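Before any comments, here is the structure.
The values are calculated or read from the model by the stated rules, or taken from the named source; none is laboratory data. Computed from a predicted model, the values in this text were never measured in an experiment. Here the Cβ is made from the backbone with ideal geometry for all residues, glycine too, and neighbour counts use every protein chain on show. The area values use the complete protein model at the heavy-atom level, side chains included, leaving out ligands, DNA and RNA. Shrake-Rupley method; radii C 1.70, N 1.55, O 1.52, S 1.80 Å.
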Amino acid sequence: MYNKKIDEKWQKEWEEKKQAKFNKENVDKKYYCLEMFSYPSGAKLHVGHWYNYGPVDTFARFKKLQGYEVFQPMGFDAFGLPAENYAIKTGVHPYDSTMKNIDTMEKQLKAMGAMFNWDAEVITCKEDYYKWTQWLFLKLYEMGLAYRKKANVNWCPSCNTVLANEQVINGLCERCSSVVTKKDLTQWFFKITDYAEELLDGLKDLDWPEKTKKIQTNWIGKSNGTIATFKVEGKDLSFDVFTTRVDTICGVSYVVLAPEHELVPKLATKENVEKVNEYIEKCKLVTEIDRLAEDREKTGVFTGSYAINPVTGDRVEIWIADYVLSTYGTGCVMAVPAHDERDFKFALKYKLPVKQVIKPVDDERIDLTKEAYTKPGILINSGKFDNLTTEEAKNDITKYLKEKELGDFKTSYRLRDWLVSRQRYWGAPIPIIYCDECGVVPVPEKDLPVKLPYNVEFKPDGKSPLAKCKEFVNTVCPCCGKKAKRETDTLDTFVCSSWYQFRYPDNKNDKKIFDTEWIDKMLPVDKYVGGPEHAAMHLLYARFITKVLRDAGYTKVSEPFKSLVHQGLILGPDGNKMSKSKGNVISPDEYVNKYGSDVFRMYLMFGFNYSDGGPWSEDGVVSMSKFILRLERILDKILQLPDNDNNVINENEKDLLYVFNSSLKGITNDLENMQFNTAIAKIMEITNALYKYDKDVEIKNTKMLKELAKKFIVVFAPFTPHFAEEMWNRFGGEFSVFNQKYIKVDEKYLTKDTTELPVQINGVVRFKVEIPTNLDEKQIEETVVNDERLKKYTIDKEIKKVIVVKSRIINVVVK
RNA sequence: GCGAGUAUGGCGGAAUAGGCAGACGCACAGGACUUAAAAUCCUGCGGGCUUCAAAACCCGUACCAGUUCGACUCUGGUUACUCGCACCA
């Protein structure tokens with residue numbers, strides 16, 4: 001009887017016989033199947049890991065049976081805040097706790113029985129990995145893609161570190177939900193904005209969920225517009241504004257700069273400087289969460305200076321206001337209250353003029369005392385641009401500005417450079433040395449890795465823990481040999497995970513980050529599976545780094561993940577997200593121990609639509625256990641049937657073979673699309689058909705039956721690998737069932753002599769007819785029209801039309 | 001506010017390309033086996049109406065319209081929930 005012992009027996013056998021080994025000579029048939037690696041913050045695998053890895057392993061095994069050389073590696077994203085926070089709380093060193101967790105999780109992953117290639121394992125906190133993460137940093141530095149700048153950055157006061165924009169969720173820290181504040185710091189950035197256009201453009205060819213592509217598209221946030229230069233009246237100063245509605249430029253009634261804008265101190269006049277400074281100070285105190293609050297009242301202050309409209313020559317007030325973001329566009333906007341909602345509200349509050357320059361095309365009435373008219377229309381009050389449409393005017397006005405050298409077409413992106421410095425201990429040290437003589441000096445490649453020291457005081461106080469470790473900080477300059485200091489910040493863990501897909505296939509290379517020729521054979525990843533929460537961060541960063549490596553000449557690959565799938569989320573039995581505080585956490589171990597790993601995996605695959613997930617159900621697991629035992633009983637019964645000479649294929653045999661082959665066709669198709677739930681439904685149908693045959697037929701065709709059973713075992717093997725290996729063995733199959741060829745559909749059993757077709761009268765199904773499969777449409781129509789049962793629907797009526805959809809349906813229209 | 005998605009029995013969920021709504025499973029009910037229970041095997045199972053029973057008929061995929069011989073599926077609108085973005089100029 002299937003149980004946990006069977007799991008263990010075959011796991012041992014698979015390991016001994018290296019089932020998961022990747023045979024390099026078959027690389028032309030490679031299938032790189034990758035699941036997002038584990039983050040060993042908790043001590044154990046949770047249901048989410050299982051839901052990611054179990055079903056995908058089924059997919060990988062299916063690919064193996066189809067004849068692919070499957071590469072399915074596993075590893076650990078081992079640096080990061082949770083281990084460090086745990087250390088702060090308990091005093092256990094992050095390295096020790098992480099390694100212990102990895103040890104436990106490896107054991108659990110092995111007990112899952114997935115076909116992971118452990119020879120290819122990577123652990124990001126180990127020297128042989130982070131050496132290359134540091135190398136990657138140096139490469140970016142060399143290419144001018146890593147740079148240092150002072151910036152007003154997102155600061156989490158609880159984690160005591162800066163955060164990338166992507167890590168700020170609604171003004172809160174992604175990890176601890178503290179309110180994020182701002183801080184001026186000199187930090188390292190990666191120039192991801194250089195790749196904005198390509199990152200956007202590359203999306204269209206990817207086999208990714210549309211939603212994920214959309215998230216990335218929004219995140220990159222491309223918009224086409226115009227840049228226009230406003231000169232400051234009476235001063236030798238000017239500034240640029242970015243606008244997507246240059247057609248409204250004649251309606252500019254004031255301009256606004258972000259409070260952080262560098263020109264602001266020069267623009268504040270004597271009378272206004274006090275008010276301006278006061279306002280700037282006030283803005284600094286506003287937290288991200290307040291700033292984002294809906295319907296927040298707009299505030300601002302007049303600088304006392306005036307700007308000249310480059311088209312009309314009009315003189316307009318220069319204001320500063322924090323509704324203008326210093327980080328987008330140029331940090332300055334031209335305000336057109338008549339045609340922009342925000343400008344309108346602001347103008348109303350501060351009694352600034354409103355000038356209409358666009359009128360609706362079809363003369364919809366618009367009351368400009370109450371709201372702004374933001375739609376495109378026809379220009380008015382715009383001098384020589386009058387009567388142009390919005391689209392024409394955008395083009396003409398920009399060209400006019402360009403001629404006068406006061407503007408040009410311009411594309412802006414919402415995407416900002418990736419801030420990679422972290423003021424934390426548990427990460428890869430940034431390989432940079434600061435020398436009084438030579439300035440910023442990259443650590444030479446031969447000196448890598450810059451080792452993360454073990455004995456460090458990592459209690460957080462806003463400074464990098466490494467700064468307190470003298471042995472680490474103090475070094476000599478690789479250029480001049482004089483005393484110098486190391487960079488003490490570490491790299492964002494997303495840097496570590498942005499390139500791991502390249503390291504797996506060549507994880508032991510100690511000469512290079514990876515071998516280019518080999519990697520170009522192994523990449524891209526054919527199927528990448530992980531949670532949708534990584535849509536904007538990990539997946540964007542990994543694409544960026546791939547393009548950087550390509551441009552550095554290390555690979556030909558431009559996109560790392562050809563095809564992407566997101567699994568859903570398994571909720572607690574109460575329908576809420578699993579959390580300790582809610583007490584609804586399901587532990588996989590309990591179930592795996594009780595029912596076996598195959599049962600657990602089957603339940604996860606059968607109970608939900610894979611990409612939706614849903615609430616956990618206790619009953620579902622029990623029923624799945626029952627199903628596997630039911631399947632085992634009928635297979636054992638077939639196995640024990642004494643052989644006979646009955647070779648007939650009659651109706652019963654045909655029915656069975658029909659169910660088998662049509663289900664097989666469906667299963668194959670479902671697996672390709674990761675529709676595990678429907679695939680398992682079809683496995684159940686085959687099982688039910690075997691029971692039915694067993695019940696209905698006294699003298700069985702045992703030869704056919706036994707052959708069919710063996711084929712069936714191969715078909716369901718990816719779903720229940722241990723159980724299937726066991727059954728394959730019982731049926732005398734040679735090890736391993738996964739070395740068999742996937743079963744082909746036998747088309748001859750898919751066609752039946754007659755088909756039952758539903759007959760509709762005016763679109764409502766009334767009865768069914770048995771139609772020989774070889775009849776054509778005309779003959780089918782005749783059969784139906786002459787059917788006795790049709791008569792009662794045609795009394796006093798006339799048959800207007802008969803629609804025959806071959807092998808589907810017949811619709812008789814009567815009136 | 002903008003954008004995207006989802007909505008199907010008591011429950012989880014199915015339904016190529018517009019063609020039998022509810023596959024498969026859970027729960028429930030009945031039967032067989034059993035001294036009995038469990039397990040197992042078999043059967044039934046959207047609602048209504050009718051009936052000794054059945055056939056037949058009517059309603060039914062969030063709601064309201066539309067296109068079509070035919071709509072869970074396509075179009076327009078409404079509601080609810082989920083997700084993404086959010087003062088992006």
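Structural remarks
- In this structure chain A gives 46 Å² per residue of accessible area when probed at 1.4 Å with all protein chains present.
- P(r) tail fraction, region A:318-368 - alpha-carbon pairs more than 13 Å apart, %: 64
- Remark on region A:609-727: ratio of C-alpha radius of gyration to 2.2 N^0.38 Å is 1.13.
- Dmax and Rg, reported as Rg then Dmax, of region A:1-117 (C-alpha, Å): 16.4, 50
- Sites matching GluC sites (Glu not before Pro) across region A:676-723 that sit in DSSP coil, with at most 16 neighbouring C-beta atoms within 10 Å: A:E698
- With only the Cα atoms considered, region A:581-653 has a convex hull volume of 137 Å³ per residue.
- Expected-Rg normalisation [2.2 N^0.38 Å, Cα atoms] applied to region A:312-402: 1.15
- Loop-resident sites, region A:555-642, for GluC sites (Glu not before Pro), counting at most 14 other Cβ within 10 Å (DSSP): none
- For the pair A:D506 and A:R630, a Förster radius of 35 Å applied to the C-beta separation gives a FRET efficiency near 0.15, rounded to the nearest 0.05.
- C-alpha long axis of helix A:702-716 to longest principal axis of chain A, angle in °: 10
- This model, with +1 at the C-beta of Lys and Arg and -1 at the C-beta of Asp and Glu, gives chain A a dipole about its Cα centre of some 760 debye.
- Sequence-distant aspartates and glutamates (8 or more away, or on other chains) whose Cα lies within less than 19 Å of A:K468: A:E84, A:E457, A:E487, A:D489
- Using Cβ point charges alone (K and R +1, D and E -1), the dipole size of region A:22-88 about the Cα centre works out to roughly 260 debye.
- Of the trypsin sites (Lys or Arg not before Pro) in region A:195-300, those whose Cβ has at most 14 other Cβ within 10 Å and which sit in DSSP loop: A:K235, A:K270, A:R296
- Computed [θ] at 222 nm, deg cm²/dmol, chain A (DSSP H ≥ 4; -39,500 (n - 2.57); rounded to nearest 500): -11000 deg cm²/dmol
- For region A:231-282, the dipole from Cβ point charges (+1 on Lys and Arg, -1 on Asp and Glu) about the Cα centre works out to 100 debye, to the nearest 20.
- Percent of C-alpha pairs per 10 Å bin in region A:230-370, short distances first: 11, 42, 34, 11, 2.
- Segment A:D408-A:A552, length gained on full extension (0.36 nm per residue, minus Cα span): 48.6 nm
- Whole-percent carbon and sulfur share, accessible surface of chain A, 1.4 Å: 49
- Taking all Cα-Cα distances within region A:665-786, those exceeding 24 Å account for 48%.
- Each principal axis of the Cα atoms in region A:406-461 has its own extent, and those three values, largest first, are 57, 31, 22 angstrom.
- Two-decimal log10 I(q)/I(0) for region A:468-507, as the Debye equation yields it once each C-alpha is a single scatterer, q = 0.15, 0.16, 0.21, 0.35 Å⁻¹: -0.61, -0.65, -0.73, -1.12
- Convex hull volume of region A:194-311 per residue (C-alpha atoms, cubic angstrom): 169
- FRET efficiency for the pair A:N224 and A:N646, taken as 1/(1 + (r/R0)^6) with r the Cβ-Cβ distance and R0 = 51 Å, rounds to 0.10.
- Take the Kirkwood radius over Cα pairs of region A:87-212, plug it into Stokes-Einstein at 25 °C and 0.890 mPa s, and you get 131 µm²/s for translational diffusion.
- Compared with the direct C-alpha span, the chain from A:T217 to A:R296 gains 25.7 nm at full extension, assuming 0.36 nm per residue.
- Calculated P(r) of region A:493-534 - Cα pairs past 11 Å, %: 70
- Dimensions of chain A based on its C-alpha atoms, expressed as ranges along the principal axes with the largest first, amount to 108, 87, 50 Å.
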